[in-house]
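Readers should treat all values here as calculations from the given coordinates under stated rules, not as data from a laboratory. Only a predicted model underlies this, so the values are computations on that prediction, with no experimental measurement involved. Here the Cβ positions follow ideal geometry from the backbone for every residue, glycine too, while neighbour counts run over all protein chains shown.
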Amino acid sequence: MADLSINFAGIKAPNPFWLASAPPTDKAYNVIRAFEAGWGGVVWKTLGEDPAPVNVSSRYSAHYGKNREVMGFNNIELITDRSLEINLREITQVKKDWPDRAMIVSMMYPCEEESWAKVLPLVEATGADAIELNFGCPHGMPERGMGAAVGQVPEYVEMVTRWCKKYCSLPVIVKLTPNITDVRLPARAALNGGADAVSLINTINSITSLDLDNMVARPIVGGRSTHGGYCGSAVKPIALNMVAEIARDPATHGLPISGIGGISNWRDAAEFIALGSGSVQVCTAAMLHGFRIVEQMKDGLSRWMDEKGYASIEDFRGKAVANTTDWKYLDMNYQVIAQIDQDKCIQCGRCYIACEDTSHQSISQLIADNGARKYEVIKEECVGCNLCEITCPVEHCITMVPQASDKPYMNWTQDPRNPRAVAA
């Protein structure tokens with residue numbers, strides 16, 4: 001049986017699955033239920049100055065897929081709306097009762113050194129394992145000079161991180177905003193400030209949908225609305241890319257990463273870990289399906305690790321990073337061609353329509369006298385773009401087959417078609 005336990009930046013947990021700082025971690029009642037369900041840790045919902053912020057009603061909206069599947073989730077809720085005293089008391093008790101679980105406290109305070117100097121000793125006294133600096137919240141708090149307003153300025157990230165290392169002996173995790181051009185810059189700043197780890201991504205600025213009858217976006221608050229933080233499975237590709245960018249950046253190589261963004265099952269978690277994450281944080285999936293989803297996550301990850309021969313999380317953490325590179329270093333001589341398995345083909349024609357209308361006209365449609373259709377790839381026209389494989393509704397019906405070649409590896413920096421090519 002695979003060992004799922006982790007030691008993330010000095011923070012020990014029985015498994016890598018943590019609940020992210022969000023509504024599910026707002027109070028002891030929720031956190032205890034999460035621990036009873038088997039979560040390896042939680043990031044307590046973000047603490048802030050007293051008096052606590054006041055939230056609005058309503059707070060959530062969604063981007064739906066087929067059959068009302070929630071693809072993306074929009075949230076305009078702020079940080080904790082409970083007092084600092086209540087939160088600290090509950091954190092202390094929960095950590096005392098569950099000493100083997102990771103307890104990370106999310107924090108958001110103004111860019112004033114005295115504010116951090118005052119509160120950090122109080123948080124450390126709870127017995128928590130670490131703090132997470134919320135530099136990513138994209139709504140409400142940036143208007144007050146916090147959240148993403150800090151995370152978008154690397155100098156501020158480094159400054160506040162340095163204060164936290166000065167006034168606190170706990171590991172400091174810096175939570176990064178995705179609402180930025182290059183996520184590597186704040187990650188480097190966090191490391192320069194002494195951060196023990198980073199977590200990402202926080203939510204993305206979004207408006208999920210509109211009520212066209214009343215001409216207002218959702219969620220609706222008294223006939224008006226605002227942009228919120230987007231999360232859920234739809235943001236996973238963005239999150240994976242940003243995690244990979246930090247993992248393969250020479251300036252931040254080796255910096256522990258807690259992966260966040262659309263993690264809904266064990267496979268999602270494995271992908272984040274393969275790109276360098278030492279722990280993974282989940283929010284939306286728990287809000288949609290309840291805390292017990294962690295049972296399937298743990299079981300699925302453990303079974304897959306056993307199948308692959310990975311005894312521990314560290315055995316495959318970061319294994320995909322070396323295979324992630326810049327476009328200019330991809331092999332220009334590598335070629336694949338689509339192949340249709342006629343036994344699996346249901347003759348729906350989606351591959352033909354997609355290729356004929358929007359791609360390279362490399363699939364032929366053959367219609368027999370009796371009206372039966374057959375689709376074949378025109379190999380000399382196929383560029384291996386994968387569109388037909390993606391549009392096909394039958395799994396493994398269309399595959400991309402590598403073509404034999406006697407040409408050596410050649411990237412764009414070496415390609416003679418590149419006017420700035422260099423000698424191989």
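Tabulated data for the structure shown
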{"read-out": "Only Lys, Arg (+1) and Asp, Glu (-1) charged, at Cβ; the stretch 210-329 dipole about Cα centre in debye", "value": "80"}
{"read-out": "Coarse-grained scattering of the stretch 331-393 at q = 0.16 Å⁻¹, given as base-10 log I(q)/I(0) from a Debye sum over alpha-carbon atoms", "value": "-0.50"}
{"read-out": "Distant-in-sequence amide H partners of A102 (H built 1.01 Å from N, under 5 Å)", "value": "G41, V42"}
{"read-out": "In nm, spacing of pseudo-spin labels at E376 and K328 (7 Å Cα→C-beta vector)", "value": "4.3"}
{"read-out": "Full-stretch length increase - E295, Q403 - with 0.36 nm per residue and alpha-carbon distance subtracted", "value": "34.7 nm"}
{"read-out": "Options N333, C345, A311, ranked by Cα towards positive dipole end of the stretch 306-345, top entry (Cβ charges)", "value": "N333"}
{"read-out": "Rh by Kirkwood over Cα pairs, then Stokes-Einstein D for the chain at 0.692 mPa s and 37 °C, µm²/s", "value": "138"}
{"read-out": "Approximate spin-label separation S312-A37, in nm, with each point projected 7 Å along Cα-to-Cβ", "value": "2.9"}
{"read-out": "Cα-centred dipole magnitude for the stretch 328-402, charges only on beta-carbon of K, R (+1) and D, E (-1), debye, nearest 20", "value": "80"}
{"read-out": "Signed unit charges on C-beta, dipole axis of the chain, positive-most listed residue T46, G151, T391", "value": "T46"}
{"read-out": "Top of G384, G276, G145 by mean-square fluctuation, Gaussian network on the chain, Cα under 10 Å", "value": "G384"}
{"read-out": "Options N134, A197, V235, ranked by Cα towards positive dipole end of the stretch 111-257, top entry (Cβ charges)", "value": "V235"}
{"read-out": "Packing rank of 308-317, 405-414, where each peptide gets the mean count of other beta carbons within 10 Å, highest leading", "value": "308-317, 405-414"}
{"read-out": "Distant-in-sequence amide H partners of D211 (H built 1.01 Å from N, under 5 Å)", "value": "V216, A217, R218"}
{"read-out": "Charge tally in the Cβ shell below 11 Å around Q414, where Lys, Arg are +1 and Asp, Glu are -1, Q414 excluded", "value": "+1"}
{"read-out": "Hz values of 3J(HN,Hα) by residue in the stretch 321-330 - Karplus curve (6.51, -1.76, 1.60), Gly and Pro given as x", "value": "5, 5, 8, 10, 9, 7, 3, 5, 9, 6"}
{"read-out": "Ellipticity estimate at 222 nm from DSSP helix runs (n ≥ 4, -39,500 (n - 2.57)) divided over the chain, nearest 500", "value": "-8500 deg cm²/dmol"}
{"read-out": "Total charge dipole magnitude, the stretch 6-323, about the Cα centre, Cβ charges on Lys, Arg, Asp, Glu only, Debye to nearest 20", "value": "400"}
{"read-out": "Gain upon complete extension [E356, E155; 0.36 nm per residue less C-alpha separation]", "value": "67.3 nm"}
{"read-out": "Backbone HN-Hα couplings from phi across the stretch 66-83 [Karplus 6.51/-1.76/1.60, Hz, Gly and Pro as x]", "value": "5, 6, 6, 5, 7, 8, x, 10, 10, 9, 10, 6, 8, 5, 3, 9, 10, 5"}
{"read-out": "Highest-first arrangement of 235-243, 197-205, where packing means the average Cβ count within 10 Å", "value": "197-205, 235-243"}
{"read-out": "Simple label model, 7 Å out from Cα along Cβ direction - I86 to K319, nm", "value": "4.7"}
{"read-out": "Long-range amide H partners of H360 with built H, under 5 Å", "value": "none"}
